[in-house]
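Heads up, the thing below is written out as structure tokens.
Every number in this text was worked out from the coordinates using simple rules, so none of it is lab data. Being a predicted model, the structure only gives us computed values, none of them experimental. Here the Cβ is made from the backbone with ideal geometry for all residues, glycine too, and neighbour counts use every protein chain on show.
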Amino acid sequence: MAVVLVGAQWGDEGKGKITDFLAEEADCVVRYQGGSNAGHTVEVMHEKFMLHLIPSGILYRDTLCIIGNGVVLDMEKLLDEIEELEKRGVDTSNLRISYRAPLVLPYHKKMDELEDRYKRIGTTKRGIGPAYADKINRAGFRIVDLIEGGSFFEERFKAQVEYKNRIIKEIYGEEGFDADEMLAKIKGEAAKLEKYLADTSLLIYQAIKDKKKVLFEGAQGTLLDIDHGTYPYVTSSNPTAGGACTGSGIGPTSIKKVVGIAKAYTTRVGEGPFPTELTDEAGEILRQRGAEFGTTTGRARRCGWFDAVILRYAVRVNGITDLAITKMDVLDDFDVVKICTGYKYKDKILTEFPESINVLKECEPVYIELPGWKEDISSVTSFEDLPLNAQRYIEKIEELTGIKTALVAVGPKRDQTIIKEEIFC
Ligand code: IMP
């Protein structure tokens, strides 16, 4: 059975925690897009693990963890992550990496930093956009190219470094890269990773055929999707559910469920319009209580009320079948909680997420207010034991989206997860 987990907002929905929770039951966890721009925090017992490239399932010894062909691979960062996990006693021998994974090379990171001065997206500077641009432009390199080597690859590689150096030096007036030095470095990194390489599409296909439980773990979120997000303030891949197919090499008919993960409020990092953003004390309470600071960059996240227009849109573009609502406990102290049900735009009320970023910039949220529950819910273990007002809040989200909630997270730890409906059934 194949289940896709997608972020239903602007990323940082707590996907790492939900993936980790479901990974206990899963046989295989697959990352299908993004790169080291992602940051998943998983808390187990009293330990906190920060994962960027490695699927959250790595903390279970028997779960096969796959980095699919849709992920852009920063080998240096991946090796650091493997080393850190091994140092802390986590076995990484169940990690597999697609031979087809495109590489993030040092010049991609440099270009990301330089180009963002003009694009002003507020990227994570992890080289994601330039690496995907090269992939689509057929100017990139896959990890298999490094393993195979040969004169065709080396000529292409040197030509690329020369081309990138011209841009870096002539346009930006900065130091370029030494092609031989870079080649030696990345060949060394690829050699260290060779033992993890596999035909991952085949592994996933076989797992699904054998009726194993396969989880596809999306990074970022729906509104950061290159096609369906708030372009240009997006990432350069497809976090939406369709990306699970192209980014892993399986067909859409294999997917049984799509779980949309949404925080009980909304956050966003970087630039771009955000209708329910709170710049007052309520926003600060959400940021502090929710520890809303980026795992990858440490940047403070912008915070706001829950937006049902966004969730309805996420339901549509991902085909969401189940919801996982995270960080419910962050709302514990509010007298009143608000849910945005539509946007006021000029003299109209919009109930669908607008296509135009200019329209979105001018949208004013229309809220319904619900009474808060003013109770610590962090140790509640069943839906029925939640305060009634907290239950009503979840039910209101279900009513506004037409989708049932399967999981509710009431804290960062594995056991702070309420199961309302089973996912693998
Ligand atoms: P990039 O992915 O580094 O190119 O950044 C593009 C945009 O996506 C920026 O606004 C980032 O802040 C945002 N972004 C990228 N990865 C994440 C993530 O994992 N969580 C939240 N925002 C992200």
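Sequence gap at least 6, Cα distance under 8 Å: using those rules, report the relative contact order of the chain to the nearest whole percent.
So the answer I get is 20 percent.
Net charge near Ile397, counting Lys/Arg +1 and Asp/Glu -1 over other residues with Cβ under 15 Å of its Cβ?
Surrounding charge for Ile397 is 0.
Based on Cα positions only, what radius of gyration and what Dmax would you give for region 203-295, in angstroms?
Rg, Dmax (Cα atoms, Å): 16.7, 52.
Determine the relative contact order of region 106-195: mean sequence separation of Cα pairs under 8 Å and six or more apart, normalised by residue count, in whole percent.
Contact order relative to length: 25 percent.
Let me know the longest stretch in the chain that avoids all GluC sites (Glu not before Pro) found in a DSSP loop with at most 16 other C-beta atoms within 10 Å.
26-173
With 10 angstrom as the radius, rank Lys396, Lys195 by how many other C-beta atoms surround their C-beta, starting from the fewest.
Arranged by neighbour count, lowest to highest, Lys396, Lys195 become Lys195, Lys396.
Using only helices, what value at 222 nm comes out for the chain when you add -39,500 (n - 2.57) per DSSP H run of length 4 or more and divide by the total residues, to the nearest 500 deg cm²/dmol?
-9500 deg cm²/dmol
Between the DSSP loop rule and a limit of at most 13 other Cβ atoms within 10 Å, which trypsin sites (Lys or Arg not before Pro) in region 210-272 are left?
Lys211
When the gyration tensor of region 132-249 is built from Cα positions, what are the square roots of 5 times its three eigenvalues, in whole Å, from largest to smallest?
Working through the eigenvalues yields semi-axes of 31, 23, 11 Å.
For the chain, list log₁₀ I(q)/I(0) at each q in 0.10 Å⁻¹, using the Debye formula over Cα point scatterers of equal strength and ignoring solvent, two decimals each.
-0.67
Enter the Cα centre distance for the pair region 15-79 and region 178-215, rounded to the nearest angstrom.
The distance from the Cα centre of region 15-79 to that of region 178-215 comes to 14 Å.
By a straight-distance test (C-alpha under 14 Å), which aspartates and glutamates pair with Lys158 as possible cross-link partners, with residues fewer than eight away in the same chain excluded?
Partners within reach: Asp145, Asp178, Asp180, Glu181.
How would Tyr118, Tyr196 line up from fewest to most surrounding beta-carbon atoms within 10 angstrom?
Tyr118, Tyr196
How many angstrom lie between the Cα centre of region 346-425 and the Cα centre of region 253-332?
If you average the Cα positions of each part, the centres end up 10 Å apart.
In region 328-365, what trypsin sites (Lys or Arg not before Pro) fall in a loop by DSSP, with at most 10 other Cβ atoms inside 10 Å?
Qualifying residues, ordered by number: Lys346.
So for the chain: antiparallel DSSP bridges make up what percent, rounded to the nearest 5?
Counting DSSP beta bridges with both partners in the chain, the antiparallel share is about 40 percent.
Evaluate region 351-425: find the radius of gyration of its Cα atoms, find its Kirkwood radius, and give the ratio Rg to Rh.
Reported Rg/Rh, Kirkwood definition of Rh: 1.08.
Quick check on the exposure proxy: order Met1, Met45, Met50, Met328 from fewest to most C-beta atoms within 10 angstrom.
Result, fewest neighbours first: Met45, Met50, Met1, Met328.
Could you tell me whether region 245-328 comes out rounded, prolate or oblate from its Cα gyration tensor? Rule is a ≥ b ≥ c as square roots of the eigenvalues, rounded for a/c under 1.5, then prolate if a/b exceeds b/c, otherwise oblate.
prolate
List the extent of the Cα atoms of region 125-190 along each of their three principal axes, largest first, rounded to whole Å.
That works out to 34, 24, 20 Å along the principal axes.
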